[in-house]
Amino acid sequence: MADTLTQTHESTELAVPWNVIVHDDPVNLMGYVTFVLMRIFGYDEKKATVLMMQVHQLGKSVVWTGEREKAEFYTQQLQAYQLKTTLEKAA
Amino acid sequence: MKIMQTLEGGLRVDMEDGDDWKILLGILRDAASCDVKLADRLGNMVTAEEVAEDWKEFIIPDLDATFDADLAHVSNSISAARMESAGGPGPLWISKDDGFRWYSALNQARLAIEDKFHFGPSEEVDPAKLTTESSGAFLRSLIYTNLQSLLLDRVMR
């Protein structure tokens, strides 16, 4: 009777993080963008202002990075506040 | 039109004549003036293949309903206040709880104007080069911006 050899193989992959990106537009007031970032993410005013200035000066800013479900939630929230927002896999 | 802050943290907007009511009604007209609705303009920016389909099916209709509800609320507020004053001098009250809905309606109007006329940053616009139609839209956008600034600084924070 032949022996039976059983092999098991396990692999674990890290989930790919997603970026939430706010894009610049000429309509939304700078103070409003700061206000929304503070309200949604709980950022303090200093951090929210830095991100807002990135949006204003660089055209866009990654305002949050993390798991996909949360990224989708935050993107939906930011769009509900009428900010131009996208999400994409982090490089 | 004169605007004052109330003791309850809202705004009192005093209309001086019928033209002031027309300015407020312009918010609703401007918000609806873009061929593509705001929810679609925002939602269609999400193009990552893993999420784009869900966005179209679930998120865009949800955003659309939210934005429409804000406009309907503001429309009802204007209509009720205008009726109360028979379209002449009289107040319109914006409570603290209503602050964001008004901000949203004004933003929808300004985003639609921008989408149609592409003014860019207001400080870079030369009013002398605008047509009659675009000049009117630009002035309305400036009025809406001033009201938004008051809402943000005095009501929403």
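The values are calculated or read from the model by the stated rules, or taken from the named source; none is laboratory data. Model, not experiment: these values are computed from the prediction. Neighbour counts run over all protein chains shown; Cβ positions are idealised from the backbone, glycine included.
Quick notes
Matching residues to (1) more than 29 Å from B:GLY136 (Cα to Cα); (2) free of Cβ contacts under 8 Å to residues at least 24 places away in the same chain; (3) under 14 Å from the mean Cα position of the chain (by Cα):
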| residue | (1), (2), (3) |
| --- | --- |
| B:LEU11 | no, no, no |
| B:GLY26 | no, no, yes |
| B:ASP35 | no, yes, no |
| B:MET83 | no, yes, no |
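- Out of B:ARG157, B:ARG41, B:ARG110, one residue alone is within 9 Å of another protein chain (Cβ to nearest Cβ) and at pLDDT below 95. It is B:ARG157.
- Top-ranked residue in the stretch A:60-78 [being within 13 Å of A:VAL33 (Cβ to Cβ) and within 14 Å of chain B (Cβ to nearest Cβ); ranked as surrounded by the fewest Cβ atoms within 10 Å (Cβ to Cβ)]: A:LYS60
- Selection status of B:ASN107, out of contact with any Lys or Arg (no Cβ under 8 Å at 6 or more places or on another chain), polar (S, T, N, Q), within 25 Å of A:VAL36 (Cα to Cα) and free of Cβ contacts under 8 Å to residues at least 12 places away in the same chain: no
- Set B:ASP35, B:ASP64, B:ASP97: member being over 22 Å from B:VAL155 (Cβ atoms) and exposed (fewer than 14 other Cβ atoms within 10 Å of the Cβ): B:ASP35
- Test: B:VAL51 is without any contact (Cβ under 8 Å) to a residue 12 or more places away in the chain, closer than 30 Å to A:LYS89 by Cβ, in contact with a helix residue (DSSP H, G or I) (Cβ under 8 Å, 6 or more places away or on another chain) and within 14 Å of another protein chain (Cβ to nearest Cβ): yes
- Within the stretch B:114-157, being under 30 Å from B:ASP97 (Cα atoms) and among the aromatic types (Phe, Trp, Tyr) holds for B:PHE138, B:TYR144.
Residues checked against (1) over 27 Å from B:MET4 (Cα atoms); (2) within 14 Å of chain A (Cβ to nearest Cβ):
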{"position": "B:LEU71", "(1), (2)": "no, yes"}
{"position": "B:ASN76", "(1), (2)": "no, no"}
{"position": "B:SER79", "(1), (2)": "no, no"}
{"position": "B:PRO91", "(1), (2)": "no, no"}
{"position": "B:ASP97", "(1), (2)": "no, no"}
{"position": "B:TRP102", "(1), (2)": "no, yes"}
{"position": "B:PHE119", "(1), (2)": "yes, yes"}
{"position": "B:LYS129", "(1), (2)": "yes, no"}
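- For the stretch B:20-32, the condition of being under 30 Å from A:VAL20 (Cβ atoms), of a type outside the set (D, E, K, R) and surrounded by fewer than 18 Cβ atoms within 10 Å (Cβ to Cβ) holds for at least one residue.
- Of all the listed residues (A:LYS60, A:LYS89), the sole one being in contact (Cβ under 8 Å) with a residue 60 or more places away in the chain and basic (Lys, Arg) is A:LYS89.
- Some residue of the stretch A:43-53 being facing chain B (nearest Cβ under 10 Å) and either surrounded by 17 or more Cβ atoms within 10 Å (Cβ to Cβ) or touching a Phe, Trp or Tyr at 6+ places or on another chain (Cβ under 7 Å) (or both): no
- Only a single criterion out of (1) under 16 Å from B:THR6 (Cβ atoms); (2) buried (at least 20 other Cβ atoms within 10 Å of the Cβ) is not satisfied by B:ARG110, namely (1).
- The single condition among (1) more than 30 Å from A:LYS89 (Cα to Cα); (2) surrounded by 15 or more Cβ atoms within 10 Å (Cβ to Cβ); (3) of a type in the set (Lys, Arg) that B:LYS2 does not meet is (2).
- Test set (1) surrounded by 19 or more Cβ atoms within 10 Å (Cβ to Cβ); (2) within 14 Å of chain A (Cβ to nearest Cβ) - B:VAL13 fails condition number: (2)
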